[in-house]
1. I'd like to know which of W49, L116, L86 lies farthest towards the positive end of the charge dipole of the range 45-136, counting +1 on Cβ of Lys and Arg and -1 on Cβ of Asp and Glu.
2. If you split all Cα-Cα distances of the range 66-136 into 5 Å bins from zero, what percentages do you get per bin, shortest first?
3. If you fit an axis through the alpha-carbon atoms of helix 110-125 and take the longest principal axis of the Cα set of the chain, what angle between them do you get, 0 to 90°, nearest 10?
4. When only Cα pairs under 8 Å and 6 or more residues apart are kept, what is the percent relative contact order across the range 38-103?
5. Classify the range 86-126 as rounded, prolate or oblate from the Cα gyration tensor: take a ≥ b ≥ c as the square roots of its eigenvalues, call it rounded if a/c is under 1.5, otherwise prolate when a/b beats b/c and oblate if not.
6. Show the residues, 5+ positions off or on another chain, whose built amide H is closer than 5 Å to the amide H of V85.
7. Rounded, prolate or oblate: which one fits the range 6-64, using the alpha carbon gyration tensor with axes a ≥ b ≥ c (rounded when a/c is under 1.5, else prolate when a/b beats b/c, else oblate)?
8. For the full complex of protein chains and a 1.4 angstrom probe, list K128, K133, K75 by accessible area with the highest value first.
Amino acid sequence: MSTEWSHANWVSFLGMIAWILGIISGVINILWGIITLPLVIIGLGNPIWLIISGILAILVSFFIILPKFSIKCSKKDWDSLLNWVLPLGNIRFPWMLIWGAIMCTFGYGWGGIAILVPAFVLLFAGPKPYDWKTQE
């Protein structure tokens, strides 16, 4: 499959920086959680969740998004990304969507959007049609 298609450059760039945005989002969550930690005493907010979600966003970004998504986007390895699937019966569900949703939850959108936008473009306007069903 050709690495060049009409969306290749910006999809590659956005996917390449997705892990960095996830880490930045995690750091912001941790810092905001630490800053607002005294508010727990008076019952406002949930800074503990901010700290936990920030840590999780950083870990997921570094150990999953970087090697499985961002590096492949930077190399324009579209086949690897389109074949990174969770088989659910006869459906090939893309891990990109799962990890994008997880990063939206833990990173309040930044890292998740940088995964989901390239994923949707690859799936629905990619260099080749995505096969949602397994071969029988």
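The values are calculated or read from the model by the stated rules, or taken from the named source; none is laboratory data. All values reported here derive from a predicted model rather than from experimental measurement. For neighbour counting, all protein chains shown are included, and Cβ atoms are generated from backbone atoms with ideal geometry for every residue, glycine included. Remember, those area values only see protein heavy atoms, side chains included, never the ligands or the DNA or RNA. Shrake-Rupley method; radii C 1.70, N 1.55, O 1.52, S 1.80 Å.
1. So the residue we want is L116.
2. 4, 17, 27, 26, 17, 8, 2, 0
3. 20
4. Working: 29 pairs, mean separation 12.9, N = 66.
RCO, the range 38-103: 20 percent.
5. Numbers: a/c = 4.42, a/b = 1.43, b/c = 3.09.
Verdict is oblate for the range 86-126.
6. W95
7. prolate
8. Details: K128 85, K133 120, K75 145 Å².
Accessible-area ranking of K128, K133, K75, largest first: K75, K133, K128.
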